[in-house]
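> Shown below is the structure under consideration.
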Amino acid sequence: MDKSEIIKILQSLDMQQRMARLQKPVDLIRQELITYAHFGYKVNLGLLEAWPQPPEVVFNDLVALGGQEFACQYLPFLCLLNGFDINGVRLYGFHDEGKDSQDIRRILDYLPFPEIYDGYVLMGSTDLDILIFDKSNHHFEIRDRIGFDYIVGSYPQLDQFLQVLATSIKKSFEDEDEDDRE
């Protein structure tokens, strides 16, 4: 794709509308990151605040990973929050050199059997599950880490997927706080 085609795609994505749909779950996740920052959790800026590379390069790399549908949904998320890692839930971002183990483009380099993920984009993980984009059905999925074929949840839209993760993060902290009080 040449640069003019990419710019047209980025403009046609209706980024404002897509980002608005993602805002609520991203805000919930960001609030948990801020609340528990004293434990060392880092709040990543969104790409809108700090592009590691030109937007068209980021978009092209996301298309190469998971196709246009994936790129059109994941880029608005990265614009708001460039990945996160909190209380056992991590979703990979798009980073410059030096943060390879948190970069969605390079994470498979760290796994012993990356071919398991052919047909998928490995987006992150939890303590028990892996978080993927299934290229065949264009769904964001939570799959069991051991029994990969067991789908815990499947969501056609990234905002639905993020809402589940945000709720899980919030609940995990509430459970920990409850345990501390006992």
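The values are calculated or read from the model by the stated rules, or taken from the named source; none is laboratory data. Values in this document were obtained by computation on a predicted structure and should not be read as measured data. Cβ placement follows ideal geometry from the backbone for every residue including glycine, while neighbour counts extend to all protein chains displayed.
> Filter region 145-171 for residues that are under 13 Å from LEU128 (Cα atoms), free of Cβ contacts under 8 Å to residues at least 60 places away in the same chain and among the hydroxyl-bearing types (Ser, Thr, Tyr) and give the result.
Within region 145-171, TYR150 is the sole residue that qualifies.
> Further question: Given the conditions (1) at pLDDT 80 or above; (2) closer than 22 Å to GLN157 by Cα; (3) not β-branched (Val, Ile, Thr), report the number of the one that SER12 does not fulfil.
Here SER12 meets the rest and fails (1).
> Moving on to the next point. Give region 107-122 a look and list any residue that's modelled with pLDDT of 85 or more and of a type in the set (Phe, Trp, Tyr), or say none.
Scanning region 107-122 gives TYR117, TYR120.
> Identify all residues within region 103-133 that are within 17 Å of VAL164 (Cα to Cα) and surrounded by fewer than 18 Cβ atoms within 10 Å (Cβ to Cβ); write none if there are none.
Listed by number, the residues that qualify are ASP127, LEU128.
> In the list GLN68, GLN17, GLN73, GLN102, which residue meets the criterion of being more than 18 Å from PHE133 (Cβ to Cβ) and not charged (D, E, K, R)?
Values: GLN68 fails: more than 18 Å from PHE133 (Cβ to Cβ); GLN73 fails: more than 18 Å from PHE133 (Cβ to Cβ); GLN102 fails: more than 18 Å from PHE133 (Cβ to Cβ).
Testing whether each residue is more than 18 Å from PHE133 (Cβ to Cβ) and not charged (D, E, K, R) leaves just GLN17.
> Okay, moving on. What residue, of GLU69, GLU56, is modelled with pLDDT under 85, assigned to a helix (DSSP H, G or I), on the phi < 0 side of the Ramachandran plot and out of contact with any Ser or Thr (no Cβ under 7 Å at 6 or more places or on another chain)? Steps first, please.
On the way: GLU69 fails: modelled with pLDDT under 85.
Just a single option satisfies the conditions, and that option is GLU56.
> Which condition breaks for LEU45 when tested against (1) modelled with pLDDT under 90; (2) more than 16 Å from the chain's Cα centre (by Cα); (3) surrounded by fewer than 16 Cβ atoms within 10 Å (Cβ to Cβ); (4) of a type in the set (A, V, I, L, M, F, W, C)?
The single condition LEU45 does not satisfy is (2).
Yes or no, residue by residue, for (1) under 22 Å from GLN163 (Cβ atoms); (2) outside any helix (DSSP H, G or I); (3) β-branched (Val, Ile, Thr):
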| residue | (1), (2), (3) |
| --- | --- |
| ASP27 | yes, no, no |
| GLN31 | yes, no, no |
| ASN60 | no, no, no |
| PHE77 | yes, no, no |
| ASP85 | yes, yes, no |
| SER101 | no, no, no |
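> Restricting to region 59-96, count the residues that are hydrophobic (A, V, I, L, M, F, W, C) and either closer than 19 Å to LEU28 by Cα or more than 14 Å from the chain's Cα centre (by Cα) (or both).
Step one: filter region 59-96 for residues hydrophobic (A, V, I, L, M, F, W, C), giving 59, 62-65, 70-72, 75, 77-81, 84, 86, 89, 91, 94.
Those left that are additionally either closer than 19 Å to LEU28 by Cα or more than 14 Å from the chain's Cα centre (by Cα) (or both): 59, 63-64, 75, 77-81, 84, 86, 89, 91.
Total meeting the criteria: 13.
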